[in-house]
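First up is the structure itself, then whatever we jot down about it.
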Amino acid sequence: MKKKITILLALAFVVIAFSAFTILHSAGIKWYTGSPWDGGSCGDCHGGGATVPGVAITANPAFGSGNTYMPGTTYTITATVSGSYSKYGFNFEILNSQSTTTAADAGTFGSALTANCIKYTTAGLPTTMSHNAASNGIFSFQWTAPASGSCFLYCAGLGANNDGTSGGDFPKLVNMTLVQSPVGITSYAKSAINLTLFPNPASERINLSYFLAERGEVVIELFSLRGEFITDLVKEVQDAGMQAIELRLPEGITKGMYFLKLRYRGEELAVKLLTH
């Protein structure tokens, strides 16, 4: 009798342990992005799927040419995992080095912006953004860039057949390196002036809108990605209130990434401009 009870208890433990394992994976786990620090990815458990899912990383505002970031800027990052699978998951980290032992967060992760996304934090260890349920594959969250240094981004996307097991699934790993923008502009469109630019990308003309609290001189200049001055676009005194102006880009401007800098009453703001 005692032996039978012992066997039943052992089986119950196995069932509970297996259930916990399944729930843990369906809700995402920490440190499985494929980074050198993690040393593993979702492919350690999941495999056997017929196709490789697609993984795309986008940011708003967009990262600059050559994967550059603006120091202190808060980005909305979206990881999109797609393909022929019924459900998707992901693991995501941005680290300050490629060390297998000392890597830490580069910048600061903010809030999850989609209900299927969760932030896992452990004091002194890298933060992981992950799925909290198998979902449609679009995961968004906020990230604030550091003041300087390279940022190493790692993402493991997972396509799952959603049958309750780890078989029949397939992962894909992507990574990129973000570097600080070389432009020496001290303020980046963070002001009550609320500078906006459209269309972007642009070819010949652009439209700018911004708010002036008081009448004053406004200077709008065009710079290269390296911070080299190209030309003045506006230099005049404007009245207080909302401004909306159309500007023609210089003739012969080459395709690429530029910066528009607005100066007003001692304040400087900049927005990125892509020409095509």
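The values are calculated or read from the model by the stated rules, or taken from the named source; none is laboratory data. Values in this document were obtained by computation on a predicted structure and should not be read as measured data. Glycine also receives a Cβ, built like all others from the backbone with ideal geometry; neighbour counts cover every protein chain displayed.
Out of the residues in region 126-152 that are aliphatic (A, V, I, L, M) and surrounded by fewer than 22 Cβ atoms within 10 Å (Cβ to Cβ), which is nearest to Gly107 (Cα to Cα)?
Residues of region 126-152 aliphatic (A, V, I, L, M): 129, 133-134, 138, 145, 147.
With the extra rule that they be surrounded by fewer than 22 Cβ atoms within 10 Å (Cβ to Cβ), the set shrinks to 133-134, 138, 147.
Values: Ala133: 26, Ala134: 27, Ile138: 22, Ala147: 8 Å.
So, considering only residues that are aliphatic (A, V, I, L, M) and surrounded by fewer than 22 Cβ atoms within 10 Å (Cβ to Cβ), the one nearest to Gly107 (Cα to Cα) is Ala147.
Examine region 21-40 for a residue that is in a helix (DSSP H, G or I), at pLDDT below 50 and either of a type in the set (Phe, Trp, Tyr) or surrounded by 17 or more Cβ atoms within 10 Å (Cβ to Cβ) (or both), and state whether such a residue exists. Looking through region 21-40, at least one residue is in a helix (DSSP H, G or I), at pLDDT below 50 and either of a type in the set (Phe, Trp, Tyr) or surrounded by 17 or more Cβ atoms within 10 Å (Cβ to Cβ) (or both). Take the residues of region 219-239 that are charged (D, E, K, R) and in a strand (DSSP E or B): which is nearest to Thr68 (Cα to Cα)? If we take residues in region 219-239 being charged (D, E, K, R) and in a strand (DSSP E or B), then Glu221 is nearest to Thr68 (Cα to Cα). When residues in region 200-214 are screened for being under 20 Å from Tyr264 (Cα atoms) and exposed (fewer than 11 other Cβ atoms within 10 Å of the Cβ), 1 of them pass.
Within region 247-261, can one find any residue that is assigned by TED's automatic domain parsing to the domain that holds Val218 and under 15 Å from Glu217 (Cα atoms)? So far as region 247-261 goes, yes, one or more of its residues are assigned by TED's automatic domain parsing to the domain that holds Val218 and under 15 Å from Glu217 (Cα atoms).
Lys272: part of a strand (DSSP E or B) and exposed (fewer than 12 other Cβ atoms within 10 Å of the Cβ), yes or no? Give the steps one after another, and end with the answer.
Details: part of a strand (DSSP E or B): yes; exposed (fewer than 12 other Cβ atoms within 10 Å of the Cβ): no.
It is false that Lys272 is part of a strand (DSSP E or B) and exposed (fewer than 12 other Cβ atoms within 10 Å of the Cβ).
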